[in-house]
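The values are calculated or read from the model by the stated rules, or taken from the named source; none is laboratory data. Small disclaimer: the values here were computed from a predicted structure and weren't measured. All Cβ positions, even for glycine, are placed from backbone atoms using ideal geometry, and neighbour counts span all protein chains on display.
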Amino acid sequence: VSLRPTLRRFKRRVAFWRDREQTERMLLGAVRHRGRPIALNANQQAFCEWNAQRLGISLDESRRRFAASAQALRGGHGGVAFRTFNDVAHSLYQVFASDAPSEVFEAYRLHSPAHFLRTLSYDPPRWRADHPLLEGLHGRDHVTVVDFGCGLAQPSLSLARALRERGCEVSLVLADIPTLRFEFVGWLARREGFEVAQRPCTPDERVPELRSADVLIAREFFEHVHEPVWYLDRLDRYLAPGGFLVTNVEDHHQEFMHVSPDLAPLRARLRELGYEAVVPQTVFRKR
Ligand SMILES: C[S@@+](CC[C@H](N)C(=O)[O-])C[C@H]1O[C@@H](n2cnc3c(N)ncnc32)[C@H](O)[C@@H]1O
């Protein structure tokens, strides 16, 4: 009787357990020591308030849950471990929805809790006082800002605050795929006293009716859609002549949901439409 098959099975078992042990050690390394107080940024604090109202729980309980979630992985929601967790989730759950054109809206909904927590950890961009956009809008008493693919609306809300400080009234139109984050962002903008309209984007209505805009923000958006030029043409209809487009039309790296990393056709279309670059690749002015 040959012992070889038994030996082979035994070796496979040893390799399996060695592998498992290593994976467990790695995962445990990623888990932080719980219970330490953590500092929340302004959006995370607002989230805790909103979530307490949404769930009918106390603010303390809402904060406790948020801290426990942030401490589940080393580095919190903004850390490398959480980023890895997101990447793993994208791979694991692709069986339910991939980023193919017919499934990508569903994929955004599927991954929305993790994306929501991640974006809450980001700091909003700051608009320098001498930023060409603020200078270009100088002297206006009212500005309409459309933020398409708004996410947490970090650029539009921070711009709205900067304009309000300069005595300018701001109307916001926020558009995105309807998820929990989209509900939160509407609440956040209204809580700050802005006039805000929300436009859900769905497979049946990919670009809903917007408003004539002085500023159109579509930041970190075009690489996420399968037909960036089609979107630009639709959005362009809403930007008033002389209005500003805030975006990022550099090529992006390839990853899940970066379905159009090569934005050369979009840059060419901007040139055809006569957009003038005010800040290379990110701020354009419509003639
Ligand atoms: C990388 S995030 C950028 C969020 C925000 N613009 C920012 O700069 O912080 C991409 C955003 O595009 C949204 N998005 C992706 N595909 C979309 C589509 N077809 N229609 C509307 N929004 C979309 C996502 O839900 C997400 O909020």
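Looking only at residues that are in contact with a Lys or Arg (Cβ under 8 Å, 6 or more places away or on another chain), hydrophobic (A, V, I, L, M, F, W, C) and part of a strand (DSSP E or B) in the stretch 156-182, which one is farthest from the ligand (Cβ to nearest atom)?
V170
Every residue, every condition in (1) within 16 Å of the ligand (Cβ to nearest atom); (2) outside any loop (DSSP other than H, G, I, E, B); (3) modelled with pLDDT of 95 or more; (4) touching a His at 6+ places or on another chain (Cβ under 9 Å), yes or no:
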site	(1), (2), (3), (4)
F10	no, yes, no, no
T23	no, yes, no, no
L28	no, yes, no, no
R32	no, no, no, no
R54	no, yes, yes, no
F82	yes, yes, yes, no
V88	no, yes, yes, no
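Go through the stretch 200-218 and report how many residues are more than 9 Å from the ligand (Cβ to nearest atom) and either within 17 Å of L232 (Cβ to Cβ) or in a helix (DSSP H, G or I) (or both).
6
For the stretch 79-97, check the following and say yes or no: at least one residue is surrounded by 15 or more Cβ atoms within 10 Å (Cβ to Cβ), without any contact (Cβ under 8 Å) to a residue 12 or more places away in the chain, more than 18 Å from H224 (Cα to Cα) and out of contact with any Phe, Trp or Tyr (no Cβ under 8 Å at 6 or more places or on another chain).
Looking through the stretch 79-97, at least one residue is surrounded by 15 or more Cβ atoms within 10 Å (Cβ to Cβ), without any contact (Cβ under 8 Å) to a residue 12 or more places away in the chain, more than 18 Å from H224 (Cα to Cα) and out of contact with any Phe, Trp or Tyr (no Cβ under 8 Å at 6 or more places or on another chain).
So which residues in the stretch 202-229 are out of contact with any strand residue (DSSP E or B) (no Cβ under 8 Å at 6 or more places or on another chain) and of a type outside the set (V, I, T)?
Across the stretch 202-229, the qualifying residues are P203, D204, E205, R206, E220, F222, E223, H224, H226, E227, P228.
Looking only at the stretch 226-242, decide whether some residue is part of a strand (DSSP E or B) and within 11 Å of the ligand (Cβ to nearest atom). Quick ask: steps written out before the conclusion?
Quick first cut of the stretch 226-242, residues part of a strand (DSSP E or B) only: 239-242.
Subsequent filtering for residues that are within 11 Å of the ligand (Cβ to nearest atom) retains none.
Scanning the stretch 226-242, I find no residue that is part of a strand (DSSP E or B) and within 11 Å of the ligand (Cβ to nearest atom), so the answer is no.
One residue is enough: does the stretch 114-134 have a residue meeting the conditions away from the ligand (no atom under 12 Å from the Cβ), touching a Lys or Arg at 6+ places or on another chain (Cβ under 7 Å) and either under 21 Å from P208 (Cβ atoms) or among the acidic types (D, E) (or both)?
So far as the stretch 114-134 goes, no, none of its residues is away from the ligand (no atom under 12 Å from the Cβ), touching a Lys or Arg at 6+ places or on another chain (Cβ under 7 Å) and either under 21 Å from P208 (Cβ atoms) or among the acidic types (D, E) (or both).
Give V185, V215, V196 a once-over and let me know the one that is over 25 Å from C48 (Cβ atoms) and at pLDDT 95 or above. Spell out how you get there, then give the answer.
Working: V185 fails: over 25 Å from C48 (Cβ atoms); V196 fails: over 25 Å from C48 (Cβ atoms).
That would be V215, the only listed residue that is over 25 Å from C48 (Cβ atoms) and at pLDDT 95 or above.
Hey, can you tell me all the residues within the stretch 150-180 that are of a type outside the set (G, A, S) and touching a Leu at 6+ places or on another chain (Cβ under 6 Å)?
Going through the stretch 150-180, the residues of a type outside the set (G, A, S) turn out to be 150, 152, 154-155, 157, 159, 161, 163-166, 168-170, 172-174, 176-180.
Residues satisfying the conditions are C150, V170, V173.
Name the one entry in A240, A268, A277 that is within 26 Å of T202 (Cα to Cα) and of a type in the set (G, A, S). Full working, then the answer.
Numbers: A268 fails: within 26 Å of T202 (Cα to Cα); A277 fails: within 26 Å of T202 (Cα to Cα).
Residue meeting the stated conditions: A240.
Just checking, how many residues over the stretch 230-286 are closer than 16 Å to S212 by Cβ and exposed (fewer than 12 other Cβ atoms within 10 Å of the Cβ)?
Result for the stretch 230-286: 3.
Looking at E220, E169, E209, E165 in this structure, which one is over 19 Å from S112 (Cβ atoms), surrounded by fewer than 21 Cβ atoms within 10 Å (Cβ to Cβ) and in contact (Cβ under 8 Å) with a residue 12 or more places away in the chain?
When all the criteria are applied, what remains is E169.
Please go through the stretch 34-44 and pick out each residue that is modelled with pLDDT of 65 or more, among the small types (G, A, S) and not in a helix (DSSP H, G or I).
A39
Would the stretch 138-145 turn up any residue that is away from the ligand (no atom under 13 Å from the Cβ), touching a residue at least 40 places away in the same chain (Cβ under 8 Å), more than 14 Å from the chain's Cα centre (by Cα) and assigned to a loop (DSSP other than H, G, I, E, B)?
yes
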